1. Please go through segment 195-204 and pick out each residue that is under 25 Å from LEU142 (Cα atoms) and in contact with a helix residue (DSSP H, G or I) (Cβ under 9 Å, 6 or more places away or on another chain).
2. So, of the residues in segment 136-173 that are small (Gly, Ala, Ser) and surrounded by 15 or more Cβ atoms within 10 Å (Cβ to Cβ), which turns out to be farthest from ALA204 (Cα to Cα)?
3. Checking VAL106 against (1) β-branched (Val, Ile, Thr); (2) more than 20 Å from GLY38 (Cα to Cα); (3) modelled with pLDDT of 90 or more: exactly one of these is not met. Which one?
4. Counting only residues that are in a loop (DSSP other than H, G, I, E, B) and either acidic (Asp, Glu) or in contact with a Lys or Arg (Cβ under 8 Å, 6 or more places away or on another chain) (or both), which one in segment 173-207 is modelled with the lowest pLDDT?
5. Of all residues in segment 162-172, how many are under 16 Å from THR15 (Cα atoms) and either within 22 Å of the chain's Cα centre (by Cα) or in a helix (DSSP H, G or I) (or both)?
6. Tell me which helices (runs of 4 or more DSSP H) are completely within segment 16-99 and hold 1 or more residues being in contact (Cβ under 8 Å) with a residue 12 or more places away in the chain and over 25 Å from ARG164 (Cβ atoms), or say none if there are none.
7. Out of (1) in contact with a helix residue (DSSP H, G or I) (Cβ under 8 Å, 6 or more places away or on another chain); (2) of a type in the set (A, V, I, L, M, F, W, C); (3) free of Cβ contacts under 8 Å to residues at least 60 places away in the same chain; (4) more than 13 Å from VAL26 (Cα to Cα), the odd one out for LEU192 is which?
Amino acid sequence: MKTPTQRPADILELTLAMSGNAVSRVFPLFGEGIWVQGSDGETVEDFLVKTVGIPPAYLKERVQTVFLNGKALDDFNTARVRDGATLALSAAMPGLAGAVLRRGGVYAPMRRQISQDATSSTAGAGQIFITLKLFNMIASELGPEFLKRGILIPGVRLRDFVERQGRWAWDGCRSATADEQPIAVNQIVELLTKRQWVRLSIQASDERTGI
């Protein structure tokens, strides 16, 4: 499904309350991509810090590999995001491949052919949507807060993900609401079939207290 060029009109607001351990099963969705709205022509750094809400220190210290439209990126301050772009973030990866792909590393010149050229073109007007992907430790560390705020994804993607999970999909799910109305978890797949987009919010609850 293509990235929307404007705010989708038909969004299912799906909110789940799940045990803390169960929340981690949703993290693979970040590797498939979530949709984030921002301003056209923001630098990658501004987009990640101001729009996505990633702390600058975390971005500097933990995010070691960044791909913009499939090409490795070193300079966050000049490269800009445009409508329909795909931005992927990863923590440090092992081995020589990880060292080569690491931004600002001594092996960065070895990947010149797959590196993103920085651009200093000025920002455009209006709002855009980009696909944001999070991998490995980045997904597990940032995922809970993203899910608490809500992530926008195609309904068919969440439906397929749930179906792949099988009977484990709702293990640990304590309650669910759709458009602020309580529903049974066995109703969710049918709702996802009918709605093009879903904003998924998950509140983690403590196993002992239930809150």
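1. The first filter runs over segment 195-204 and keeps only residues under 25 Å from LEU142 (Cα atoms), leaving 197-204.
Answer for segment 195-204, where residues must be under 25 Å from LEU142 (Cα atoms) and in contact with a helix residue (DSSP H, G or I) (Cβ under 9 Å, 6 or more places away or on another chain): TRP197, VAL198, LEU200, SER201, ILE202, GLN203, ALA204.
2. So the first thing to find is which residues in segment 136-173 are small (Gly, Ala, Ser), and the list is 139-140, 143, 150, 155, 166, 169, 172.
Checking the rest, the ones that are also surrounded by 15 or more Cβ atoms within 10 Å (Cβ to Cβ) come to 139-140, 143, 150, 155, 169, 172.
Working: ALA139: 16, SER140: 14, GLY143: 11, GLY150: 13, GLY155: 22, ALA169: 15, GLY172: 10 Å.
The extreme case among them is GLY155.
3. In the conditions (1) β-branched (Val, Ile, Thr); (2) more than 20 Å from GLY38 (Cα to Cα); (3) modelled with pLDDT of 90 or more, VAL106 misses (3) alone.
4. So the first thing to find is which residues in segment 173-207 are in a loop (DSSP other than H, G, I, E, B), and the list is 179-180, 183-184, 195-196, 206-207.
Subset that is either acidic (Asp, Glu) or in contact with a Lys or Arg (Cβ under 8 Å, 6 or more places away or on another chain) (or both): 179-180, 206-207.
Details: ASP179: 95, GLU180: 94, ASP206: 64, GLU207: 47.
Taking the candidates together, the pick is GLU207.
5. Of all residues in segment 162-172, those under 16 Å from THR15 (Cα atoms) come to 162, 169-172.
With the extra rule that they be either within 22 Å of the chain's Cα centre (by Cα) or in a helix (DSSP H, G or I) (or both), the set shrinks to 162, 169-170.
Qualifying residue count, segment 162-172: 3.
6. By residue number, 56-61.
7. For LEU192, the exception is condition (3).
The values are calculated or read from the model by the stated rules, or taken from the named source; none is laboratory data. These figures come from a predicted structure and were not determined experimentally. Neighbour counts run over all protein chains shown; Cβ positions are idealised from the backbone, glycine included.
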